[in-house]
Protein chains: 4
Amino acid sequence: MDDVVIKLRKELKLEDVTLIEGLPGVGNVGKLAVDHLIKTLKPEHFADIYSKHLPPQVLLDEKGVASLVSQKLYHHRNKESDLVFLAGEYQGSTPEGQYELAHALLDFLSKNYGINKIYTLGGYGLGKMLEEPRVLGAASSEDIVNAFKSHGVVFSEGEPSNGIVGASGILLGLGKEFFGIDGGCLMGETSGYIVDAKSARNVLRTLAEIIGIEIDMKELEIRSEETEELLTTLKEAAEQELSSGNEDLRYIG
Amino acid sequence: MDDVVIKLRKELKLEDVTLIEGLPGVGNVGKLAVDHLIKTLKPEHFADIYSKHLPPQVLLDEKGVASLVSQKLYHHRNKESDLVFLAGEYQGSTPEGQYELAHALLDFLSKNYGINKIYTLGGYGLGKMLEEPRVLGAASSEDIVNAFKSHGVVFSEGEPSNGIVGASGILLGLGKEFFGIDGGCLMGETSGYIVDAKSARNVLRTLAEIIGIEIDMKELEIRSEETEELLTTLKEAAEQELSSGNEDLRYIG
Amino acid sequence: MDDVVIKLRKELKLEDVTLIEGLPGVGNVGKLAVDHLIKTLKPEHFADIYSKHLPPQVLLDEKGVASLVSQKLYHHRNKESDLVFLAGEYQGSTPEGQYELAHALLDFLSKNYGINKIYTLGGYGLGKMLEEPRVLGAASSEDIVNAFKSHGVVFSEGEPSNGIVGASGILLGLGKEFFGIDGGCLMGETSGYIVDAKSARNVLRTLAEIIGIEIDMKELEIRSEETEELLTTLKEAAEQELSSGNEDLRYIG
Amino acid sequence: MDDVVIKLRKELKLEDVTLIEGLPGVGNVGKLAVDHLIKTLKPEHFADIYSKHLPPQVLLDEKGVASLVSQKLYHHRNKESDLVFLAGEYQGSTPEGQYELAHALLDFLSKNYGINKIYTLGGYGLGKMLEEPRVLGAASSEDIVNAFKSHGVVFSEGEPSNGIVGASGILLGLGKEFFGIDGGCLMGETSGYIVDAKSARNVLRTLAEIIGIEIDMKELEIRSEETEELLTTLKEAAEQELSSGNEDLRYIG
């Protein structure tokens, strides 16, 4: 069977697509952000990506209806530009699979519609709890670096020190080198220990500014506050542990 | 060499095949069920599936005759419909291999005979001992969900929470998305700690009702009682351990 | 690059090849046996097998000259029949690689020369020390089972319980199913803890009888005695441990 | 997508290329050496190697500009000969990937320019600290063995005992067997515990003699002294530990 199969659910006429990726990863920051976009903007689900580089698995909906693991593409028209969201429950299972999936998607988008920008969203795991997670950036062109900076995105030399691994990285890299498309990655700082809605909210606020879109943040704000409460609880527990001499939890704080 | 090679042992004229899968998995529930069907219905062994995605291994019969690891296809005519059983000692070795094997089989069946339904059998591991294991269901269409329910199959939201992994899942998923064939999975609850004949008996009883077939259950009933005795023994041992203060076995019960 | 590349060092006219495999494995029994055949019969090294399914590695000779990891084919004319020995330092790195290597070799031999028999040599690991290791057998036809029995090869139902894994198994299995060639495997019982020359000697004695060939066993006899001394030493050490109460070594004996 | 894609940044007319490889490995000896060549000779970066057998990752420069993980080719004209340096942050992710990458590179160089020699640089990990790391050699022809010896390279039978694994090995092996190109490997002895600039300096001094090139060693000398100081510190710490009875560090020294 083919490495990757992209099935259209609906024929669309798109031009100058901006791809926005939010697959699972550190703190699930990127996934939370894109899933929130899908929930609030109600974009059109127009294609499914199947691949032997995804887990051999079906997922069940609330009725017990099974569907093959896939990544999904959604379309939302925002003023002059066509936003395409990439969402899903899984990234590619292997390094080779990550390449195949990203390459097939970029090939599909550029051949069928034309694509002119890639934004990938993710978490930057720090291994410690944070009061005020920042949004860090990286980009495949200096233009986007500068655009990101003008929206308050932090560029901090040597962070993340080993670059960006997985879909958020490979889409930028293949996009630039193989398809000539510029892109940038927004990374929300996160402990990495929890599903981090606060970090996702920060990433999404920044993205909304950059692409000039209104997003109802209410639900994510609520989840963000829940994240904060969880963090406070964890921190207090850690401090108690510390004052009682347990050194294993020293890294929290 | 080709990824998957299906060798016909006998030319058959089949129409509207119903595929019934029972490969090894949690509690070996699916395998026990299909192996029992093969033992009692004595279907015709008409094809072998070889693949580099199966272990590089030969198995020995009681005379010491070696045969290459394979999955096997059996045919049984049941009233108007052609049942094809998929049995074997192994599932695919890798995620990619699982896809290749399932795709090659569905391609073979649909090109040579036509296939209109897929039932996959498996276990749902709960990690604890059960008095009365239920049969849970999932299906790739609401029609089959409803048909399953009318035969007492339990649909419980969020169970199994990560869907169905392996051959039982991928056959349903690829069947639906790539071949347009509906299907359902029957999952016998099981501790997952033992080869669970009781769970397999329950699955098989349900399947027999659904496809309208008489199956001599005697041998499986006996093995099922043995399972029950084994469970009782394990449970008593666990309880003794508990009352003597060993907390490591708390999960049994 | 191609999966497997077989480079001829010399053009030969062979007919009705009997393939004899002895690659590394449990107790290195098969490798010791075939390496001894090569040392004593001085067969002609006529082909090298290279593959990306072997380790990415060069080996060094005593002068420091590096050569790419390969499996090697040797030819020895024995009365009416052409023996081809398969030797090497490594088996395929992955399950898929094992299939590719075995398939490519059988394809090469059957297309270029014709091949009518496959004997594979290996160890059967028992996990305990043995006074008198037997030679167990398995074969892909009843004829060879019977031929093996008439030479004292032991067929013991359920041994080895999970069949034969690796090159010794896959050559028999693919040979039978894909190329129509019968074959058999001779397995020397071994603890599996040491490189077992005694077990290899037993396997080789049996093989020599079966194919009707004289082999100078002197060097292997000496190594076999060394094996025996090593085993005695290990056993005595184990017994001392036992009598001093260390139960961890109970399995030796 | 293709296994390996080599993108030219600049068209060059090269003849009789000498390939010099220095990818990451034990003690990063090879990488340090080639990176130093690149820093001091300022060769022309003329091609990039992308592959799904490299990590799915982008790396960031000091401005936050992301670039897809790649291996890089540099050209430096040295008297009559064209030196091509192979540098990068990663070797192939899998054994198969190592083969694919090495094969694609050699194929590219021989088809486009002609290549007549391969020198690979690496570390030989000894697992213990060394006062005076030697430079060991291996080569795919006796001519190069002799040439290496005349420059003081040590050939020590049985070292390294399992040959040379990874890019430094596979380039020599594939070069010889598939492309008919001789080559040699220079291995700097190293503990393997640290990034070893002292070992890299020794390797580079030897290489400079062999290919007849002047290299400004200043910076590497400084790093080499830092290595030495680090080793002294580690050794003293280890000795203190030892004298205080901690036997776990016995291997240092």
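Among C:G188, C:G25, C:G212, which one moves the most in a GNM of chain C with springs linking Cα atoms closer than 10 Å?
It is C:G212.
What per residue convex hull volume, in Å³, comes out for region C:181-237 when only alpha-carbon positions are used? Display every interim value, and only then the final one.
Numbers: hull volume 4.7 nm³, N = 57.
Hull volume normalised by residue count: 83 Å³.
Report, in degrees rounded to the nearest 10, the 0 to 90 angle that the Cα long axis of helix B:197-211 makes with the longest principal axis of chain B.
40
Could you list C:E131, A:E96 in order of exposure, starting from the residue whose Cβ has the fewest other Cβ atoms within 10 Å? Mind showing how you got there, number by number?
Numbers: C:E131 9, A:E96 23.
Least crowded to most crowded, the residues run C:E131, A:E96.
Filter the GluC sites (Glu not before Pro) in region C:26-91 down to the DSSP loop ones having no more than 14 other Cβ atoms within 10 Å, then list what survives.
Working: sites: C:E44, C:E62, C:E80, C:E89; in loops: C:E62, C:E80, C:E89.
Here the sparse-neighbourhood loop sites are C:E62, C:E80.
Quick one: Karplus J couplings for region D:159-165, per residue in order, coefficients 6.51, -1.76, 1.60, θ = phi - 60°, nearest Hz, x for Gly and Pro?
Computed from phi, the couplings for region D:159-165 are 10, x, 5, 9, x, 10, 9 Hz.
Using the Kirkwood radius over C-alpha pairs as Rh, can you work out the diffusion coefficient of the protein assembly as shown via Stokes-Einstein at 25 °C, viscosity 0.890 mPa s, in µm² per second?
Working: Rh = 32.6 Å.
Reported coefficient: 75 µm²/s.
Can I get the semi-axes of region C:4-219's equivalent ellipsoid? Compute them from the C-alpha gyration tensor as square roots of 5 times the eigenvalues, in angstrom, largest first.
On the way: eigenvalues 120, 81, 64 Å².
Three semi-axes, in Å: 24, 20, 18.
Explain nothing, just the number: dipole magnitude of the protein assembly as shown about its Cα centre with +1 on each Lys and Arg Cβ and -1 on each Asp and Glu Cβ, in debye rounded to the nearest 20.
Details: 100 positive and 164 negative charges, 494 e Å.
Dipole magnitude for the protein assembly as shown comes out near 2380 debye.
Please turn the phi angles of region A:127-138 into ³J(HN,Hα) values with the Karplus equation 6.51 cos²θ - 1.76 cosθ + 1.60 (θ = phi - 60°), one per residue in order, whole Hz, x for glycine and proline.
Rounded to whole hertz, the list is x, 8, 6, 10, 6, 10, x, 8, 10, 8, x, 8.
Using only Cα atoms and rounding to the nearest 10 degrees, what angle (0 to 90) does helix A:167-179 make with the longest principal axis of chain A?
40
Let me confirm one metric for peptide A:66-79, namely the mean number of other chain beta-carbon atoms within 10 Å of its residues' beta-carbons. Please report the intermediate quantities before stating the final value.
Details: counts 18, 6, 12, 5, 2, 0, 0, 0, 0, 0, 0, 0, 0, 0.
Per residue, the number of nearby Cβ atoms from other chains is 3 on average.
Please list, by residue number, every one of the GluC sites (Glu not before Pro) in region C:1-43 that is coil in DSSP and has at most 16 other beta-carbon atoms within 10 Å. Mind showing how you got there, number by number?
On the way: sites: C:E11, C:E15, C:E21; in loops: C:E11, C:E15.
Counting only loop positions with at most 16 other Cβ atoms within 10 Å, the GluC sites (Glu not before Pro) in region C:1-43 are C:E11, C:E15.
Restricting attention to region C:1-97, which trypsin sites (Lys or Arg not before Pro) occupy a DSSP loop and are surrounded by at most 13 other Cβ atoms within 10 Å?
Working: sites: C:K7, C:R9, C:K10, C:K13, C:K31, C:K39, C:K52, C:K63, C:K72, C:R77, C:K79; in loops: C:R9, C:K10, C:K13, C:K52, C:K63, C:K79.
Sparse-neighbourhood loop trypsin sites (Lys or Arg not before Pro): C:R9, C:K10, C:K13, C:K63, C:K79.
Can you list residues whose amide H is under 5 Å from A:I20's amide H, if they're 5+ apart or on another chain and H is modeled 1.01 Å from N?
Close amide H contacts, sequence-distant or interchain: A:V84, A:F85, A:L86, A:Y119.
Suppose R0 equals 56 Å. What FRET efficiency, 1/(1 + (r/R0)^6) with r the Cβ-Cβ distance, do B:K10 and C:E226 give to the nearest 0.05?
Numbers: r = 55 Å, r/R0 = 0.98.
Approximately 0.55, to the nearest 0.05.
Hey, what number do you get for the protein assembly as shown at 222 nm if only DSSP H runs of n ≥ 4 count, each worth -39500 (n - 2.57), divided across all residues, to the nearest 500?
Numbers: 24 runs with 376 residues, N = 1012.
Only helices count here, giving -12500 deg cm²/dmol.
Quote the charge dipole size of chain A about the Cα centre in Debye, to the nearest 20; the model charges only the Cβ of Lys and Arg (+1) and of Asp and Glu (-1). Could the numbers behind the result be given before it?
On the way: 25 positive and 41 negative charges, 140 e Å.
The dipole of chain A has a size of about 680 debye.
For region A:37-164, what log10 I(q)/I(0) values come out of the Debye formula at q = 0.13 1/Å, with one point per alpha carbon and no solvent?
Reported log10 I(q)/I(0), two decimals: -0.75.
Work from the charge dipole of region C:64-127 (Cβ charges, +1 for Lys and Arg, -1 for Asp and Glu, about the Cα centre) and give the residue of C:G114, C:G92, C:H76 farthest towards its positive end.
Among C:G114, C:G92, C:H76, the one farthest towards the positive end of the dipole of region C:64-127 is C:H76.
Going by amide H atoms built from the backbone, whose H comes under 5 Å of the H on A:S70, apart from near neighbours?
A:E89
Please list the non-local residues whose amide H lies under 5 Å from the amide H of D:N78, H modeled 1.01 Å from N, same-chain partners needing a gap of 5 or more.
Residues meeting the criterion, in which the H sits 1.01 Å from N, are D:L83.
What does the structure give for D:98-107 when I average, per residue, the other chain Cβ atoms found within 10 Å of the residue Cβ? Mind showing how you got there, number by number?
Details: counts 4, 10, 3, 1, 3, 3, 1, 0, 1, 1.
That works out to 3 on average.
Run the label-point distances for A:K7 please: 7 Å along Cα to Cβ, every other copy, nanometres, shortest first.
3.3, 3.3, 4.7
Taking a label point 7 Å out from Cα toward Cβ, give me the nm distances from D:E241 to the same spot in the other copies, shortest first, one decimal.
Label point to label point, same position, other copies: 2.7, 2.7, 3.9 nm.
Relative to the first principal axis of the alpha-carbon coordinates of chain C, what is the inclination of helix C:29-41, with its axis defined by its Cα atoms, in degrees from 0 to 90 and to the nearest 10?
That works out to roughly 60 degrees.
Roughly what % of DSSP beta bridges within chain C run antiparallel, to the nearest 5? Spell out each step's value before the answer.
Numbers: 26 of 45 bridges.
So the antiparallel bridges amount to about 60 percent of the total.
Computed FRET efficiency, Cβ-Cβ of D:T40 and D:E236, R0 41 Å: what is it to the nearest 0.05? Don't jump to the answer; show the numbers that get you there.
Working: r = 33 Å, r/R0 = 0.80.
My answer for the efficiency is 0.80.
Cα-Cα over 21 Å: which of C:K63/D:K111; B:K117/B:K149; B:K31/B:K149; D:K39/D:K79; B:K7/C:K13; C:K79/C:K117?
C:K63/D:K111; B:K31/B:K149; B:K7/C:K13
In a Debye calculation with equal point scatterers on the alpha-carbon sites of region B:115-197 and no solvent, what is log10 I(q)/I(0) at q = 0.14, 0.26 Å⁻¹?
Summing over Cα pairs of region B:115-197 leads to -0.46, -1.32.
Of all beta bridges DSSP finds with both residues in region B:112-213, what is the antiparallel percent, to the nearest 5?
Numbers: 5 of 14 bridges.
Here the antiparallel bridges make up roughly 35 percent for region B:112-213.
Bear in mind that the values in this text are calculations on the coordinates, not laboratory data. Since the model is a prediction, treat every value here as computed from it, not as a measurement. Positions of Cβ are generated from backbone atoms using ideal geometry, with glycine treated the same way; all protein chains shown enter the neighbour counts.
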